[in-house]
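Everything below concerns the one structure shown next.
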Amino acid sequence: LVTPALGGTFLATCALGCVGLGQVATSAAAGHSPKPVIKKVKVADNSYSPVKLTISKGSSVNWVWSNTNFNTHNVTLLKGPKGIKKSKFTSIDGARGLHFKRTFTTPGTYHFECTIHPSMNIVVTVRR
């Protein structure tokens, strides 16, 4: 049986000589967007984990500060898609037990860093 990777029509044959015509619809082919999700990012001493995320439009990212942190950290949007207000994607400073959740409704690439520790970076890519 041969099935296309994306939605469409296909011709299938089997070992017994049968032939069939079929059609496959995927969420992309049917015009549906992937279901929004919530992704977790750990804010630990001197690192975000993971450092790269790809999410669909309407999904959220929840940054969670580790309870074992000794240092203060933040999440600050350095650069994002045109029209995005940096202040809406900037957390307060904190060391332990904080949560900072944002929903991404504009596709594009978002670059974040901890302004206290500029080596802490994460890139969030939002797909349509």
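The values are calculated or read from the model by the stated rules, or taken from the named source; none is laboratory data. Owing to the predicted nature of the structure, the values given are computational and were not obtained by experimental measurement. Please note: Cβ atoms are built from the backbone with ideal geometry, for glycine as well, and neighbour counts cover all protein chains shown. The accessibility values were calculated without ligands, DNA or RNA, using every heavy atom of the protein model including side chains. Shrake-Rupley method; radii C 1.70, N 1.55, O 1.52, S 1.80 Å.
Remarks
- Just one of the numbered conditions (1) of a type in the set (A, V, I, L, M); (2) part of a strand (DSSP E or B); (3) over 15 Å from residue 55 (Cα atoms); (4) open to solvent by 20 Å² or more (accessible area, probe 1.4 Å) is not true of residue 123: (3).
- The single residue among 112, 104, 100, 89 that is touching a residue at least 60 places away in the same chain (Cβ under 8 Å) and surrounded by 16 or more Cβ atoms within 10 Å (Cβ to Cβ) turns out to be 112.
- When residue 63 is tested against (1) over 17 Å from the mean Cα position of the chain (by Cα); (2) touching a residue at least 12 places away in the same chain (Cβ under 8 Å), only condition (1) is not met.
- Screening the range 30-86 for residues that are β-branched (Val, Ile, Thr) and loosely packed, with under 13 Cβ neighbours inside 10 Å and picking the one that is nearest to residue 114 (Cα to Cα) gives 51.
- Candidates 31, 58, 97 - the one that is at pLDDT 95 or above and either touching a strand residue (DSSP E or B) at 6+ places or on another chain (Cβ under 9 Å) or of a type outside the set (Asp, Glu) (or both): 58
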